[in-house]
Amino acid sequence: MNTQNDFGLIGLAVMGQNLVLNVESRGYTVSVFNRNAEVTAKFVAEHSGQRLFGATTLAEFVASLARPRKVMLMVKAGAPVDEVLSQLLPLLEPGDIVIDGGNSLYTDTERRDAQLSTLGLRFVGAGVSGGEEGARKGPAIMPGGPASTWQVLQPIFESIAARVDGQPCVIHIGPGGAGHYVKMVHNGIEYGDMQLICEAYALLQAAGLSSDEMADVFARWNEGDLQSYLIQITAAALRQRDPDTGQPVVDLILDQAGQKGTGQWTLINAAENAVVVSTINAAVEARVLSSMKAARVAASAVLHGPAAAIVGDRAALVARVHDALYASKVVSYAQGLDLMRTVSQKKGWELDLAGIAGIWRGGCIIRARFLARISEAWRADPELPHLMRAPYFVDLLNRSQQAWRHTVALAVAHGIAVPAMSASLAYYDSYRSARLPANLLQAQRDFFGAHTYERVDRPAGQWFHTAWPEVID
């Protein structure tokens, strides 16, 4: 048995296996452990020519690692992580590093970080994005935890991460739960991004485009400003045919979307920090509504709407939907980044938004060409208050807003639900408004609850109350 392996990983589901093979392919020796010993034995046997050691017990696993031990957990978030830690921690020594690479809630990560630090151990919550392929070929990695761990983990993480323009898609995000927090918001943005693409698909479908024609549209979009992994796979998915029926596979898939909770976590956190993430919220709610299949089918028989078919110039429609999708995507990213900026300030994390946008350019699910523009915006102005205020995005949104409005209005007129596009446009219009009708809202609050209000003709910070007339029901 090699007793000086460079890296250890616990949890050999598909993501774990692919990460192990990625690490080993970079020249490192890796110890692996799975609670099911048969899974471990089979995995090692299938890769017998590689520098892998399969441990049958946790004690054997820990003993096989060089100090300071670097142990990565790839197990289901929640109780399973705590269960593995309860068995693993007594076997470790001060200075050893434990990395949670799953989608753990960042507050759980902060709790575990505090627990391990009292034992002299170092805990890293590392967001890993890119799915199975990314884990094997190069993911985007978002590690948090003590700064001292980055010096140890940097060579390994930089070697296995995706690269864009020669730069590895990994940086040290910040202390405590910062890594898992950024991954959580990344997933929230991903929810918004995916829903917006689905709404563009619904509009093109209503205009009578076939699956192959829509695949051509998305493939063409992927060659321009909308270039991204999600646009690319959308084109590929629309082109795929079912071998049994010859029909497009997408047309045969039940319209019920699943979710694992990170989008909901983002909404809860945004509400707790009074940050608007309406596009992400609309995307989460769209998934919830999609799950109500039986109710929707029943309602479709009794609730009326206009004819959904869109007629007219298809080329013009495609161009407008492109602009509406692009503008809406900017809002989704802007809201997520605004949430990260706000929480970073509250927690003293000093998140590098330019760096985070930079590592999202490769490996991760939301990788996209315009992330380079986002990174440039914060490098040009580290104090940028909001992405929509950056010169490039000011120009883009101003140029796109008429097509955006036309697209949303067309969808509403034809009874096609576009909740994320609508929410994005409403956010844009609210954010750009120097005056909103909240003055009436404040009057209402003062009327029924004497909550007081400020006045436009008096200095800020002075509060007033009106003796409103009595209303008799």
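Data overview
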| quantity | calculated |
| --- | --- |
| Where chymotrypsin sites (Phe, Trp or Tyr not before Pro) fall in DSSP loop in the stretch 425-470, at most 12 other Cβ within 10 Å | TRP463 |
| √(5λ) per eigenvalue of the Cα gyration tensor, the stretch 72-115, largest first, Å | 16, 12, 10 |
| Accessible surface, per residue, of the stretch 249-305 when the full set of protein chains is kept, probe 1.4 Å, Å² | 60 Å² |
| Where trypsin sites (Lys or Arg not before Pro) fall in DSSP loop in the stretch 96-169, at most 12 other Cβ within 10 Å | none |
| Summed side-chain charge close to PRO419 - residues other than PRO419 whose Cβ falls under 13 Å, Lys, Arg +1, Asp, Glu -1 | -1 |
| Förster-model FRET efficiency, 22 Å R0, ALA316 and ASP212, C-beta, rounded to 0.05 | 0.60 |
| Amide H contacts of PHE123 (H built 1.01 Å from N, under 5 Å, at least 5 apart or other chain) | VAL98 |
| Amide hydrogen neighbours beyond the local backbone of LEU65, cut-off 5 Å, H modeled | ASN5 |
| Integer Hz, Karplus 6.51/-1.76/1.60 couplings in order for the stretch 200-211, x for Gly and Pro | 4, 4, 4, 5, 5, 5, 5, 7, x, 6, 6, 4 |
| Of all accessible heavy-atom area on the chain, the percent that carbon and sulfur account for (1.4 Å) | 54 percent |
| The chain, helix-only ellipticity at 222 nm - DSSP H runs n ≥ 4, -39,500 (n - 2.57), divided by all residues, nearest 500 | -17500 deg cm²/dmol |
| Low-density loop positions, GluC sites (Glu not before Pro), the stretch 205-307 - DSSP coil, at most 15 other Cβ in 10 Å | GLU223 |
| Zero-based 5 Å bins, Cα pair distances in the stretch 321-397, whole percents | 3, 16, 27, 27, 17, 7, 2, 0 |
| Aspartates and glutamates with Cα under 14 Å of LYS76, excluding same-chain neighbours fewer than 8 positions away | ASP100, ASP108 |
| Long-range HN-HN contacts of THR29 with modeled amide H, under 5 Å | ASP6, PHE7 |
| The stretch 396-447-the stretch 133-202 distance, computed between alpha-carbon centres (Å) | 32 Å |
| Accessible area expressed per residue, the stretch 337-376, with surrounding protein chains retained (probe 1.4 Å, Å²) | 35 Å² |
| Two-site label geometry, ASP165 and ARG389: point separation in nm, points 7 Å out along Cα→Cβ | 2.5 nm |
| Cross-link partners of LYS293 among lysines (Cα-Cα below 21 Å; sequence separation of 8 or more within a chain) | LYS260 |
| Rounded if a/c under 1.5, otherwise prolate or oblate - the stretch 1-156, Cα gyration tensor axes | rounded |
| Paramagnetic label zone (point 7 Å from Cα along Cα-to-C-beta, ARG220; backbone N under 20 Å) in the stretch 279-309 | none |
| Inter-part distance where the stretch 311-369 and the stretch 41-106 are each reduced to a Cα centre, Å | 35 Å |
| Reduced Cα scattering model of the chain, Debye log10 I(q)/I(0), q = 0.09, 0.11, 0.13 Å⁻¹ | -0.70, -0.98, -1.22 |
| Helix axis angle, 391-413 relative to the chain longest principal axis, alpha carbon, degrees | 70 degrees |
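The values are calculated or read from the model by the stated rules, or taken from the named source; none is laboratory data. Keep in mind the model is a prediction, meaning the values are calculated, not measured. Note that we place each Cβ from the backbone using ideal geometry, even for glycine, and neighbour counts take in every protein chain shown. Accessible surface is based on the protein model in full, side chains and every heavy atom, while ligands, DNA and RNA are left aside. Shrake-Rupley method; radii C 1.70, N 1.55, O 1.52, S 1.80 Å.
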